[in-house]
Amino acid sequence: MSAMTIAEKILAQHSGKESVSPGDLLFAKVDRILGTDVTASLSIQVFKDMGAEKVFDPSLLVLVNDHFVPAKDIQAAQLSKNMRQFAHEQGVDAYFEVGRSGICHSIVPDQGLVKPGDLLVGADSHTCTYGAVGALATGVGSTDMAAAWALGELWFRVPSTIRVEVTGKLKPFVGAKDVILHVISKLGVDGALYKVLEFHGDTIEAMNIDERITISNMAVEAGAKSGIIPSDEITLTYMKEVGVHDAQLLDADPDAHYDSVLRVDVSDLKPQVAKPYLPSNAVDVDEVVGQQLEQVVIGSCTNGRVSDFEVAWRLLQGKKVHPSTRLLIIPSTREIFQQLMANGWANDFVEAGAVITPSTCGPCIGGHMGVLAEEETGLYTTNRNFVGRNGHPTSKVFLSGPAVAAVSAIRGKITNPEVMF
Amino acid sequence: MEGTVFRYGDNIDTDVIIPARYCTEYTADKLAPHALEDLDRTFVQRVKDGDIIVAGKNFGCGSSRENAPIAIKGAGVACVIAESFARIFYRNSINIGLPILECPEAVQGSMEGDRLHIDIKTGEIENLTQSGHWKAVAFPEGIQEIISLGGLAAYVRARLNPVK
Ligand code: SF4
């Protein structure tokens with residue numbers, strides 16, 4: 001048997017093959033299929049057009065209300081209604097209703113719906129997030145999702161893998177987001193097109209699951225199919241916490257073949273900010289300090305977890321949000337929101353002048369609950385800053401981690417936390 | 001097929017192909033009037049059935065929204081030629097039957113307003129305005145099969161109801 005990368009191992013195992021090589025086209029069984037309110041309705045229509053009646057196996061389906069909820073308008077309400085009815089008809093247990101839901105990429109891992117070695121598809125581009133726990137997970141479209149519902153499998157082209165070695169101890173105020181923004185700036189937005197990023201190195205090994213989620217989440221921003229991190233003891237401990245007791249260690253074979261190797265030493269990395277309109281436009285925060293901000297958003301599937309809010313809270317507690325700036329805090333799930341309340345952070349955020357929104361994609365996709373007006377500028381901890389992504393086409397969004405976002409909300413302009421404290 | 005070129009740059013993302021504000025809709029007739037709205041306000045008025053989008057690298061990057069190729073196809077675009085495609089857009093286009101071709105040379109050799117003649121089966125592209133002739137990267141065999149059936153929905157239908 002030839003030596004394989006993590007992605008190759010997972011695809012071989014799910015297609016019943018001894019080994020696979022990049023470029024092979026195959027059908028592989030999937031362990032989970034994720035849909036959301038924004039993508040499921042079209043899939044339901046296509047599923048019916050396919051002449052399908054029952055899904056292959058209802059336990060494969062995960063359906064999450066997150067993008068336009070609580071319903072932003074009548075059409076959005078209809079999208080959720082379609083998905084709700086379908087989940088009911090098909091007997092899908094993993095259906096997440098408003099109030100018990102959250103952003104899908106936090107729901108799936110936290111509800112124990114993915115484990116190392118799994119093959120997952122989702123009709124959402126940031127499905128690559130689950131690489132954080134050693135799964136091969138990738139975004140697909142609505143027709144793909146309908147096909148996977150009907151067949152329990154889907155076509156894949158075996159991707160080649162870029163090995164990314166990240167080494168060095170991070171400085172204060174520098175975190176996973178700064179690392180991944182820096183890596184993407186090296187690769188470019190299409191640097192990993194049709195490929196998988198496999199992350200290694202002591203910096204990654206030292207990260208908790210929240211931080212690894214930030215890393216894997218943004219793999220697609222370099223065009224990658226997925227961003228995988230080998231599963232280790234940290235992964236297994238997390239898996240037990242979420243009720244998965246049969247999770248396994250998984251790594252690439254030592255002599256696996258890589259498309260290329262990218263080595264990044266992050267010991268001297270400064271806090272990073274990606275300028276509009278590409279996530280690959282990362283620069284040291286010092287290059288953009290002073291940029292006035294109308295809105296700061298801390299949340300999303302990239303940085304909406306307890307560790308992210310802890311970073312923000314440490315900097316914000318006892319301070320006030322600048323009078324000309326609005327600060328939105330978006331806990332990714334109900335459980336994360338409860339944690340913010342239990343720790344007293346929720347109150348401190350509100351006291352500082354922030355608004356805490358329900359767990360929604362809302363502002364991240366320019367949908368609702370904080371859309372930008374003409375010419376407005378924001379600093380978001382989200383993952384994309386394309387033209388019109390977050391509101392009016394002339395609005396601008398800078399991307400950063402929670403530390404830069406928190407201090408910038410206080411000053412009303414982009415600020416380097418190293419200088420402020 | 002033959003059509004007029006609409007020429008765009010690199011990294012045309014799904015947020016400009018069809019902004020999220022329209023993504024509570026998912027049918028071609030509702031999406032098509034907003035195709036490329038945030039990139040080129042006049043596109044929808046100018047485009048005619050059978051026209052061709054020619055763009056740089058990483059066309060269709062960003063979200064997984066299938067609404068993007070549906071909007072383009074619904075607006076009348078018969079084919080997209082790019083230096084490269086973002087992978088979900090590539091899948092979605094194949095799955096919904098929007099012809100796409102990867103051909104950096106044809107992209108370099110074509111300008112806004114040029115007339116192109118395309119043979120989707122062979123991947124041959126001819127520029128009738130500036131005289132140029134290229135061949136796009138061929139699709140792998142398994143994908144050809146899906147395309148020849150008319151998209152993934154037809155493929156699944158055939159698998160679910162095999163002809164006895
Ligand atoms: S938070 Fe943003 S990036 Fe994440 S799933 Fe929602 S819309 Fe997509």
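The values are calculated or read from the model by the stated rules, or taken from the named source; none is laboratory data. As the structure is a computational prediction, the values presented were derived from the model and not from experiment. Note: ideal-geometry Cβ built from the backbone for every residue, glycine included; neighbour counts use all protein chains shown. Only protein heavy atoms, including side chains, enter the accessible area calculation; ligands, DNA and RNA are left aside. Shrake-Rupley method; radii C 1.70, N 1.55, O 1.52, S 1.80 Å.
Quick look at the values:
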read-out	value
B/A buried area, accessible surface, summed, 1.4 Å probe, Å²	3900
MRE, 222 nm, helices only [DSSP H, n ≥ 4, -39500 (n - 2.57), over chain A, to nearest 500]	-9000 deg cm²/dmol
Label-zone membership for segment A:152-171, site A:Lys186, 7 angstrom Cα→C-beta point, backbone N under 18 Å	A:161-171
Pairwise label distance in nanometres, A:Arg314 with A:Glu375, each label 7 Å out on the Cα-Cβ vector	3.9
Antiparallel DSSP beta bridges within segment A:7-264, percent to nearest 5	20
Segment A:Glu18-A:Asp73, length gained on full extension (0.36 nm per residue, minus Cα span)	14.8 nm
Assigned charges on the beta-carbon of Lys, Arg, Asp, Glu; chain B dipole about Cα centre (debye)	580
Other protein chain Cβ atoms within 10 Å, averaged over every residue that makes up A:67-79	2
Calculated FRET efficiency for the pair A:Asp232/A:Thr394, C-beta based, R₀ 51 Å, to 0.05	0.65
Per principal axis, descending, Cα span of chain B in whole Å	51, 38, 24
Partners for A:Lys171 among lysines (Cα-Cα distance below 17 Å; same-chain residues under 8 apart left out)	A:Lys270
Shielding score for B:66-74, defined as the mean number of other chain Cβ atoms within 10 Å	3
Rounded percent of accessible protein surface that carbon and sulfur make up, segment A:273-420, 1.4 Å probe	51
A:Ala206 versus B:Ser148: modelled label distance in nm, points set 7 Å from Cα along the beta carbon direction	5.6
Within-10-Å neighbourhood charge of A:Ser142 [Cβ basis; K, R +1; D, E -1]	-1
DSSP beta bridge pairing in chain B, given as percent antiparallel to the nearest 5	50
Global form of the protein assembly as shown, assessed from the alpha-carbon gyration tensor, a/c cut-off 1.5	rounded
Counted charge near A:Gly91, where neighbours are those whose Cβ lies closer than 11 Å (Asp, Glu -1; Lys, Arg +1)	-2
Segment A:1-67 - accessible surface per residue (Å², probe 1.4 Å)	37
Relative contact order %, chain A, counting alpha carbon pairs below 8 Å whose residues are six or more apart	17
Cross-link pairs beyond the 30 Å C-alpha cut-off, checked among B:Lys73/B:Lys121; A:Lys29/A:Lys195; A:Lys81/A:Lys396	A:Lys81/A:Lys396
Cross-link reach list, aspartates and glutamates versus A:Lys240, counting only Cα pairs under 14 Å and skipping chain neighbours closer than eight places	A:Asp110, A:Asp232
Accessible area per residue in Å² at 1.4 Å probe, computed on segment B:2-160	38
For segment A:273-420, alpha-carbon Rg relative to the globular expectation (2.2 N^0.38 Å, N residues)	0.93
Share of carbon and sulfur in the accessible heavy-atom surface of segment B:2-160 [1.4 Å probe, %]	51
Largest-first ordering by accessible area, 1.4 Å probe, given options B:Ile88, B:Ile96	B:Ile96, B:Ile88
Local electrostatic count at A:Val114 - Lys and Arg +1, Asp and Glu -1, tallied over other residues with Cβ under 12 Å	-1
Peptide ranges B:16-29, B:124-137, B:53-66 listed from the most packed, as the mean C-beta count within 10 angstrom indicates	B:53-66, B:16-29, B:124-137
Per-residue average of Cβ from other chains inside 10 Å of B:83-94	6
Theoretical gain in end-to-end length, B:Asp49 to B:Ala138 [0.36 nm per residue, Cα-Cα removed]	29.6 nm
Cα gyration tensor category, rounded, prolate or oblate, for segment A:7-264 with a/c compared to 1.5	prolate
Cβ-derived FRET efficiency at R0 30 Å, B:Glu105 paired with A:Leu25, nearest 0.05	0.75
